[in-house]
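A.B. asks: Below is a structure I'd like to ask you about.
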Amino acid sequence: MNTARIGVQAAGEGRVTGPYLSTLLGEAETDLLDTQSSFESRQPPSTAADDVRDRLGRILNDAADALAQVRIAARRGQVQDLPTAGRDLPVVADRLDRLEKELSA
């Protein structure tokens, strides 16, 4: 998520090309989807773990949607629109960070 955020920010500042962003965002999305698939294939060991699985699953779904939006915009050549298309990236990244901190405490 943070790699995508940096790429989108750089796009808004005119510091990266469309092909570079397309590759960067495509790889970020692939990595997220692989992680999501791996996580969701695991059986939670307890009902408490069910809650964690559900919460993280919702955030990962939102992250996948946010990454898809910016990847699609980049591939359509709408590099100047990426900051608008990527407005959900910081929100989702913050949700992931908060959940990580909560679960690590």
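Each value in this text was obtained by applying a stated rule to the coordinates, not by laboratory testing. From a predicted model like this one, the values you see are computed outputs, not experimental measurements. All Cβ positions, even for glycine, are placed from backbone atoms using ideal geometry, and neighbour counts span all protein chains on display.
A.B. asks: Once you list every other residue whose beta carbon is under 14 Å from the beta carbon of ARG42, what net charge do they have if Lys and Arg are +1 and Asp and Glu are -1? Working shown, then result.
C.D. replies: On the way: positive: ARG53; negative: ASP34, GLU40, ASP50, ASP54.
Taking every Cβ under 14 Å from that of ARG42, the sum is -3.
A.B. asks: Tally Lys/Arg at +1 and Asp/Glu at -1 over every other residue whose Cβ is under 11 Å from the Cβ of ASP94; what's the total?
C.D. replies: Working: positive: ARG5, ARG95, ARG98, LYS101; negative: ASP88, ASP97, GLU100.
Net of charged neighbours comes to +1.
A.B. asks: Further question on the same structure: Could you give P(r) for the chain, binned at 10 Å from zero, as whole percent values over all Cα-Cα pairs?
C.D. replies: Result returned by the calculation: 16, 44, 26, 12, 2.
A.B. asks: Relative contact order (percent) for the chain, with alpha-carbon contacts under 8 angstrom and 6 or more residues of separation? Mind dumping the intermediate values first?
C.D. replies: On the way: 96 pairs, mean separation 42.0, N = 105.
Once divided by the residue count of the chain, the mean separation gives 40 percent.
A.B. asks: Another question about this same structure. With each label point set 7 Å from Cα along the Cα-Cβ vector, what nm distance links VAL91 and SER46?
C.D. replies: 3.3 nm
A.B. asks: Using 7 Å Cα-to-Cβ label points, what is the LEU103/ARG55 separation (nm, one decimal)?
C.D. replies: With each label point 7 Å from Cα toward Cβ, the separation is 0.9 nm.
A.B. asks: Per DSSP H run of at least 4 residues, take -39500 (n - 2.57); add these up for the chain, divide by its residues and hand me the 222 nm value, nearest 500 deg cm²/dmol. Walk me through the numbers on the way to the answer.
C.D. replies: Values: 5 runs with 83 residues, N = 105.
Mean residue ellipticity at 222 nm (helix-derived): -26500 deg cm²/dmol.
A.B. asks: Further, regarding this structure: Length gain on complete extension for the stretch GLU27 to ILE6, per 0.36 nm per residue less the alpha carbon to alpha carbon distance? Intermediate values should be presented prior to the final figure.
C.D. replies: On the way: separation 21, 0.36 × 21 = 7.56 nm, distance 1.39 nm.
That works out to 6.2 nm of additional length.
A.B. asks: Can you give the extra length, in nm with one decimal, that the chain gains between TYR20 and ARG75 once fully stretched, where that is 0.36 nm per residue apart less the Cα-Cα distance? Before the final figure, lay out each step's value.
C.D. replies: Details: separation 55, 0.36 × 55 = 19.80 nm, distance 1.01 nm.
Stretched fully, the TYR20-ARG75 segment lengthens by 18.8 nm.
A.B. asks: With the Cα gyration tensor of the stretch 41-93 giving a ≥ b ≥ c as the square roots of its eigenvalues, does the rule (a/c under 1.5 for rounded; else a/b larger than b/c for prolate; else oblate) give rounded, prolate or oblate? Don't skip to the end; give the middle numbers.
C.D. replies: Working: a/c = 6.89, a/b = 3.01, b/c = 2.29.
Verdict is prolate for the stretch 41-93.
A.B. asks: Right, next: Are there any GluC sites (Glu not before Pro) in the stretch 4-102 that are in a DSSP loop and have at most 11 other Cβ atoms within 10 Å? List them by number.
C.D. replies: Here the GluC sites (Glu not before Pro) that fit, given the DSSP loop and packing criteria, are GLU13.
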